[in-house]
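Reviewing the structure listed below.
FYI, it's all coordinate maths here, none of it is from the lab. What you see is a predicted model; the values in this text were computed from it and never measured. Counting neighbours? That spans all protein chains shown, and the Cβs are built from the backbone with ideal geometry, glycine included.
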């Protein structure tokens, strides 16, 4: 084995190839275990480090790629910090985000002191624990189709608040490093340089950003190269003047945050960011000695429990105080039950500045592995977890839940012929046609945007989760003749058949005696849903294909068919 490793790492190219192969294998194992890539990358770094395989030999080259990855990561954070987006941040996201940051940092600092850490290390660790992983939360919520739900939108608000904290923390850390360094540039020089950089960004945003990116967007590849070059340039300047590569990369992102192409840039550069971040974790793993991590096991367990339980708890308390339902509060709170890659970068900066020892970085790394791994399952199975804990969560909910009011029509006991669950394109089309035929219908969806769009069509809609017994019990379900569920994909963490089965069961318990129609996309689902009690199983693709064939057949058999106007179904 040693001979093989020696042959593989004989050249830098062979070393990188071996590291990428190891990352692919570990990543595949992580994927099978439903773990995000960050966990796999950390594991790759530890395996490739000197304590296990010792694959990392070209430290300078890997460190260079690591620094570029960090600059690009901060660039993509900065590009999300649009001033308009910050202004539109809801009070719940702001209050809950700041409350979570304050709670975690204060109590994390006290826990660190109780565990015997010195004040500076306790402060670094406490601040590091406040950051949640944007990559993980967005990925998991997207996979569950919960980005547009109320708790998903609040969670995104948390991330914006935390991103702002990241910005301030990085700047403060850079300032601390300036004051602690005798060899670096003086504070006046750095402050002046920082103001010049901010002024440059302001001028760029005001006069150059839009026209320049619009011109470059004619060649998308050139736009991507420009974005990477801007991130690298600002990072280099930031490092030169003493602000650090991280702050420089962040400012480069802010420079493009107001352009109409920021989403395109962010989406196209995300894979490159993930690739380069691998080398950050490789550099991290090569600097850690696993034999010294054993002394941090107790502290890592305590901090991990604190993050996994404390962060959701403070969100439950704050959102409950603001008037949100316990279900929404818990689902939002579970999204912040982990630390992020920024936590490791933040502490790594402290190690570079000589403020904390490498042991602190090892401690935070262990907390990261535990919390990211555990929270992935907590978010994935959040609704089952809620069902288990629901009996004890009532203390976190105010009576009346003023932030999630029921509609006046529902409260007054209005009756509807049809209840439509799922207000997407298919549900909206059904709603419009029901209205045209004079059939009263009430739409229900867990996405505030979907409810708003439905109402904009002149239709009545209610905010609610089709798998929540309390919501089903409050709806005028007993008087309805039909229930139609147009939700064919994974909803609220349940499999698609489970969510529809849950609706069928809950409707029966609520006294519904009409007929139920649900959507299916294959024969196996259709049979399962029919046996579960569905009266009608709709297969949209089959229905569309049937109507398309009928239309083509009719058009082809009628004389002068080429001049007939198209028909819409």
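Which order do the peptides 349-357, 462-470 come out in when sorted by mean C-beta neighbours inside 10 angstrom, highest first? All intermediate terms of the calculation are to be shown ahead of the outcome.
Details: 349-357: 17.9, 462-470: 21.3.
Listed from highest to lowest mean packing, they are 462-470, 349-357.
Potential lengthening of the chain between residue 224 and residue 195 amounts to 7.7 nm, from the contour at 0.36 nm per residue minus the alpha-carbon distance. With the simple model of a label 7 Å out from the Cα in the direction of the Cβ, residue 398 to residue 550 spans 5.2 nm. The residue 240 and residue 524 beta-carbon pair, evaluated with R₀ = 56 Å, returns a calculated FRET efficiency of approximately 0.35.
Residue exposure proxy: 218, 384, 145, 432, ordered by other Cβ atoms within 10 angstrom of their Cβ from fewest to most, comes out as 218, 384, 432, 145.
As a proxy for reagent exposure, ranking 381, 124, 416 by other Cβ atoms within 10 Å from fewest up yields 381, 416, 124.
Rounded, prolate or oblate: pick one for region 2-396, where a ≥ b ≥ c are the square roots of the eigenvalues of its C-alpha gyration tensor, a/c under 1.5 means rounded, and failing that, prolate if a/b is larger than b/c, else oblate.
Numbers: a/c = 1.34, a/b = 1.08, b/c = 1.24.
Rounded, because the longest to shortest axis ratio a/c is under 1.5.
One chain, two ends: residue 114 and residue 535. Fully extended at 0.36 nm per residue, the span grows by 145.4 nm beyond their Cα-Cα distance. Once you reduce region 92-117 and region 9-85 to the center of their Cα atoms, the two points are 29 Å from each other. Simple spin-label estimate for residue 20 and residue 309 gives 4.5 nm between the two label positions (7 Å along the Cα-to-Cβ direction from each Cα).
Figure legend: label point modelled 7 angstrom from the Cα of residue 263 along Cα→Cβ; residues of region 411-447 with amide N under 20 Å from it are 423-426, 447. Bridges between two residues of region 408-538, per DSSP, are antiparallel at a rate of about 5%. Neighbour counts of C-beta atoms inside 10 Å place 56, 125 in the sequence 56, 125, starting with the fewest.
Sorting the segments 149-157, 528-536 by their residues' average number of neighbouring beta-carbon atoms within 10 angstrom, most packed first, yields 149-157, 528-536. Work out, step by step, the length gained on full extension between residue 449 and residue 106: first 0.36 nm times the residue separation, then minus their alpha carbon distance; give nm to one decimal. Separation in residues times 0.36 nm, less the Cα-Cα distance, equals 119.9 nm.
Percent of Cα pairs in region 408-538 per distance bin of 10 Å, from zero to the largest separation: 13, 49, 33, 4, 0. With both labels modelled 7 Å from their Cα along Cα-to-Cβ, the residue 297 to residue 215 distance reads 6.2 nm.
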